[in-house]
Amino acid sequence: MKNDITQINGKIVDPLTGYVGKATIHISGGKIKKVDKRPKSISSGKKSLNLDDLLICPGFIDMHVHLREPGREDEETIMSGSEAAAAGGFTSIACMPNTEPPLDTVGSIEYVNDRSMVAPIKVYPVGSITVGQKGERLVEMQEMAACGAVAFSDDGYGVQNNDIMRRALEYAKSCDVPLISHCEYSDLAAEGVMNESFISSQLGMKGIPTVAEELMVAREIMLAEYTKGRVHIAHVSTAGAVELVRRAKRAKINVTAEATPHHFTLTDDEVKSFNTNLKINPPIRGKKDVEAVRKGLKDGTIDAIATDHAPHSVEEKEFEFDYAPFGAIGLETAVGLLVTELIENKILDWPTAVNRLSTAPAVILGIPGGSFEIGAPADFTIIDPYLEWEVNPDDFKSLSRNTPFAGRKLTGKTVMTIVDGNVVYSML
Amino acid sequence: MTKNTAEKIMDSKSIKLALNRICHEIVERNVGTSDLAIIGIRTGGAYLAERIAATLGKIGKTKIPMGIIDITLYRDDIQDKLDQPLVQETSIPFDIGNKIIVLVDDVLYTGRTVRAALDAIIDFGRPRSIQLAVLVDRGLRELPIKADFAGREVTTTQKERVEVHLKEMNGVDEVVIDRSGRGGV
Amino acid sequence: MSLKIRHLLGLEGVDADDISLILDTAISFKEVLSRSIPKVPTLRGVTIVNLFYEPSTRTRISFELAEKRLSADTVNFSASGSSASKGESLKDTVWNIEAMKIDMVVIRHSAPGSPHYLAETCESTIINAGDGAHEHPTQGLLDMFTMREKYGRLEGLKVVIVGDIKHSRVARSNIWGLLTMGAEVSVCGPPTLIPVEMEKFGVKVYDDLDEALMGADVVNILRIQKERQKSGLLPSMREYSRYYGITKDRLKNLNDNFTIMHPGPMNRGVEISSEVAEAPYSVILPQVTNGVAVRMALLYLLSARRGRVNEE
C-alpha cells in the first residue's frame, strides 16, 4: 500500500527535547524532511494526515521478540509477528535466534532478511552467541553481523560457561554489536516454574530464586568491565538485578538493560490462579521487584522496554502449569500497559516513555530511528492515550493467544503505525 | 407459624392418654413375647420411643431395649435438596435379629420416612417383624404403609402443616395444625 | 446445612463452618462403618471416577471403599496403560470420561493446580486427592478428625509437623486446616527441606527437634524419601534419622496425653521407630479408619451440593 504520506499534522512527543505539542512533520522519500512547530499552513489531501490530539511518536522499536520462523510457523511467522507488531505500534523489531534451527549461521540470517522483505515493518535478526545455542562454541559473528545481525544472544538460555561468555564479549568487540544476555544460571533455576517466594511455597511448586538471575547479571557486568565489551541485560525482573545495573552504570561500565511490560505490571500472587499464561521466564516476581523495575525505568537504570513476545500454541499452553512451556505474547498489549501502568501513574512522562520504547533501543542496536531528526526514517507510532479498551485475544493479529492480560481493561492504544512514510496499520 | 392460624388438636393430657393407650395396645398385640424392642426415628420419634419404652417397662416390669435411628442417609430425596439436614448418630445398642421391633415416629404422612427407616433397620439385621406406632396419622400416603398403632387420626390437605411439640424439644407437649397454607410437615 | 464449597480443591480458604460440617458428618459415617452391613444407599446412582495419575494404594483404596459404602458406582483410571501415557491431555481425558455421564472426579496428579484446571474446564464435582506438593485436603481433614476425636477440640491444640515440609502436600493441607480451626502449628525439619518464607504461613519454624517438641500435644511425622539425599538436599539418611527421627526418648518434652500421627507409608527406623509407631499413643491405624469415614462424609456433602435431580 504505497500511500506516501508527505505531511502529518498533530501532537508530537520528541524524546530528545522533551517537547510535547503541535507540529507538522514533512516527509520525503520515506524520511523526515522537516519538523515545523509553527506551521504556516496545514494542507489537506490524500497525502496529508491530520491527527488532532493523537500523540505522534518516533516509531517504537521492540528489541526482544520471538518470531517462530523457521520451525514453529503454527505459533507465529515473520509475517504474522510483523502484523502483530504493526498493530501494537512497533515499526521495527529485533527477532531472537531460538528458532528451529536457531539463527546461528549466515544462511539463517539471510533467511530472516529475505522473509522480512515483504513484512509491513522492519525486522532485524539477532544471531545466537553459540552454535546451536549449546553454549560451547562461538558463531561466526563477524560474517553474521556483516549480513545484518544487529546483536547476538543465546536468549531462551543463559550462557552457563563463564569462559565462553568472556570470549564472546571480547570477540563481539570486532563487530561492534551488543551481546544480549538472558541471565539465568540453570543449576540454581533447576526445575523451577515460577518465582521462588512464599507464593511458590504455598502452591508447592518449584521456584526460580532471584539469585539465579542476579548471579549472572553480576557476572555479565564484571566480564563487561574486564573485557571492555558491551553487554545488554535482557528482561530484568528482580530488585537485586536493577540495583546491580544501577551501580554498574555509576561505575561507567558498558552495560544496558531492558524490562518487559509484564515485569512492570504483574506480581507472583497472580500465579495462584494456575493460569499458564502467567508461566514466563524470567518469572513474574514479587511486589518489591515490580516496584524496583518501575523505579529503574524511571531513573534510566533500565534503558528500554521490550516485550519478549513469546508465542505458544493454545494446545501447548493447555497443560498443567508444571508441563506448559514458558512465555507470553506482548506486542499488542505493550502500549496499553505503558499508558495504564506507567503514564497514568506518573512514573514516566511521555518523552521518557518514548525514549524507552524508541530512542534507547535504536541506540543500543545501532539501527535507524528513535527521533524526529532530519533524515531519520519516517517511522511513526500514533497513539490515542485516552482510548479505553478491553484486551480480547481473539482480536490479536498474532497467531498465538497466550497473553496474561485477557479481559483486562486498558487505557491507551496504537491507532496508526507508519513505516517509511506508509501507513501499515490503522484503526482510524 | 402464627398463633392465629394454629389449631391445637392435642394437648399435654391427650398426648399422655394416647401414648398410654398405644403402650397397652402394643402389649396386647404382642402378649407373651420377650423379644420386644423399640426404635425411634429422629428427632421427635426418638423422644416418643423413650417414653413408650419406659412405660412398657413399667407395665411388664422388665427393661425394653431401645434404639434411635437417623434416616437421613436413606432418604430418597437427598439428591434434590441443596440444603441438607445434619446427619446425626444412629444408635442401636442391641441385636435386632429375631426381635419384634416397634418403630416409633411422631407424624405419619407420605410414608417415605418410614420406608427409609425400614431400609435402615434391615441393614442392621433381620427382625422377626416390624410394627409401626405413630402419635399422629395425617393421611395422604404416597406409599403402601399403615400404622399399627396411632394416637390420633386427622384429615389434612397438603397445604397444611402438622407439628408435634414435645417437652424434651420445645418445652411443651402439644400437637398443632397450621391450616394457613404454608405447607410442609 | 450444606457446604459452601462446590469442589474440594484444597483446605486453603475453606472456612471453619465447612470444615466442622464435614468432621461432624464423618462421626455418623464412622458409626455406619461399624455395622455388620457397613453400607448405606445414599449415593445410589452416583458415578465417581478415581483418576489417579500418580501411583497410590492407600488413598485410592480409601476413596474406593468410601464410594462403595455409599452405594455409588466407582470407576478407576490409573495413568499407566491409559491414553495419558499416549499423550492425551488431562482435559481430553476428563471430557471423554464425562461423555459417559459421570458425577464426580477424584483426582491425584503430580502437577499442582491439576484439580483447579479440571474444576474450570469440566462439569463434574472435583475432589483433590493430592496435586504434587500443593495440597492433600482429605488427608488434612482426616488428620483433624483424628485429633478432634481424641481431644474433643482443635482450638488451642499444639501440633508439630516434622519432616520434609518442602515436598509435602500433607503438611500444607494440615497447616491450612488447623490454622483455620484455631490450632497452633509448628514445623520442624532440616533447613533445606523447609519452604522459603515458611513463617508467612503463620507457623513457627524449628530446625531443632527437641526444641520443636517442647510442650506439643500432637506430632505429625512425614515420610522422608530417599530421593532427597540424591538431589543434594540432605547429606545422608543416617544424619536425618539421628537428628529428626522420632524415637521413644525424643518424646520426653511433649505434653501429657500426647499423640503420634503419620500419614503413611512409614519408613520404620528412619523417621519413626517401630516402638513409637506401635505404641498406644500412636493413632496411625485409626487415621486410616477415619479416612474412609471422612471421605464418605465429604462425598455425601459434595454430592448433594451438585443438586442432581432424582430420576424418580
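FYI, it's all coordinate maths here, none of it is from the lab. If you're wondering where the values come from, they're calculated on a predicted model, not measured in any experiment. In this analysis, Cβ positions are derived from the backbone assuming ideal geometry, glycine residues included, and neighbour counts consider all displayed protein chains.
How shielded is C:106-113 by partner chains, expressed as the average number of their Cβ atoms within 10 Å of its Cβ atoms? If you can, show how the numbers build up before the last one.
Numbers: counts 0, 0, 0, 2, 3, 9, 12, 12.
Rounded to a whole number, the mean comes out at 5.
Once you charge only the Cβ atoms, +1 for Lys and Arg and -1 for Asp and Glu, what is the size of the charge dipole of chain C about its Cα centre, to the nearest 20 debye? If you can, show how the numbers build up before the last one.
Working: 37 positive and 39 negative charges, 137 e Å.
Magnitude of the dipole: close to 660 debye.
Mind ordering B:133-140, A:10-17, B:20-27 by average Cβ neighbours within 10 Å, highest first?
Numbers: B:133-140: 21.9, A:10-17: 19.5, B:20-27: 18.0.
For the peptides B:133-140, A:10-17, B:20-27, the packing ranking is B:133-140, A:10-17, B:20-27.
Using the structure shown, list the pairs from A:Lys249/A:Lys346; A:Lys206/A:Lys279; A:Lys206/C:Lys166; B:Lys63/B:Lys167 with a Cα-Cα distance above 19 Å, or answer none. Violating the 19 Å limit, Cα to Cα: A:Lys249/A:Lys346; B:Lys63/B:Lys167.
Count, for each residue of A:199-212, the Cβ atoms from other chains sitting within 10 Å of its Cβ, then give me the mean as a whole number.
Working: counts 3, 5, 11, 12, 11, 17, 6, 5, 2, 0, 1, 0, 0, 0.
That average works out to 5.
Summing charges over all other residues whose Cβ lies under 15 Å from the Cβ of A:Leu410, with Lys and Arg as +1 and Asp and Glu as -1, gives -4.
Straight-distance candidates among the lysines for linking to A:Lys33, with alpha-carbon spacing under 16 Å and chain neighbours fewer than 8 residues away dropped: A:Lys47.
Working from Cα pairs under 8 Å separated by at least six residues, relative contact order for the range A:296-428 is 26 percent. Take each residue in C:33-44, count the other chain C-beta atoms within 10 Å of its C-beta, and the mean is 4.
From the P(r) of the range C:50-143, could you give the percentage of C-alpha pairs in the tail past 19 Å? Display every interim value, and only then the final one.
Details: 1600 of 4371 pairs.
Considering the range C:50-143, 37 percent of its Cα-Cα pairs are separated by more than 19 Å.
In terms of the mean number of neighbouring beta-carbon atoms within 10 Å, the peptides C:273-285, B:92-104 order highest first as B:92-104, C:273-285.
How do the peptides A:217-226, C:89-98 rank, highest first, by the average count of neighbouring beta carbon atoms within 10 Å per residue?
Working: A:217-226: 20.1, C:89-98: 16.9.
Descending mean neighbour count gives A:217-226, C:89-98.
Here is the P(r) of chain B: all C-alpha pair distances, binned every 5 Å from 0, give 1, 8, 16, 21, 21, 17, 10, 4, 2, 0 in whole percents. Within the straight-line cut-off of under 22 Å between alpha carbons, the lysines reachable from C:Lys4 are A:Lys272, B:Lys81, sequence neighbours fewer than 8 places apart in one chain being disregarded. Using the Cα coordinates of the protein assembly as shown, the gyration tensor eigenvalues translate into equivalent-ellipsoid semi-axes of 72, 34, 22 Å, sorted from longest to shortest. Which far-off residues, 5 or more places away or on another chain, put their amide H under 5 Å from the one on C:Ala183, with H placed in the peptide plane? For C:Ala183, whose amide H was placed from the backbone, the distant partners under 5 Å are C:Gly156.
With the simple spin-label model, which puts each label point 7 Å out from Cα in the Cβ direction, the C:Ile61 to C:Ser236 separation comes to 3.5 nm.
Here the range A:193-337 is treated as a Stokes sphere of Kirkwood radius computed over C-alpha pairs; at 10 °C and 1.306 mPa s its diffusion coefficient rounds to 101 µm²/s. Averaging 1/r over every pair of different alpha carbons in chain A and inverting the result gives a Kirkwood radius of 21.5 Å.
Taking Cβ atoms as reference points and 14 Å as the exclusive limit, the residues near A:Pro368 contribute a net charge of -1, counting Lys and Arg as +1 and Asp and Glu as -1.
Structural descriptor for the range A:161-299: relative contact order 25 percent, calculated from alpha carbon pairs under 8 angstrom and at least 6 residues apart.
Here the contact order of the range C:175-243, divided by its residue count and restricted to Cα pairs under 8 Å and six or more residues apart, works out to 27 percent.
With Cβ to Cβ distances under 14 Å as the rule, what net charge do the other residues near B:Asn20 carry (K, R +1; D, E -1)? If you can, show how the numbers build up before the last one.
Working: positive: B:Lys13, B:Lys16, B:Arg21, B:Arg51, B:Lys58, B:Arg152; negative: B:Glu25, B:Glu28, B:Asp173.
Neighbour charge sum, excluding B:Asn20 itself: +3.
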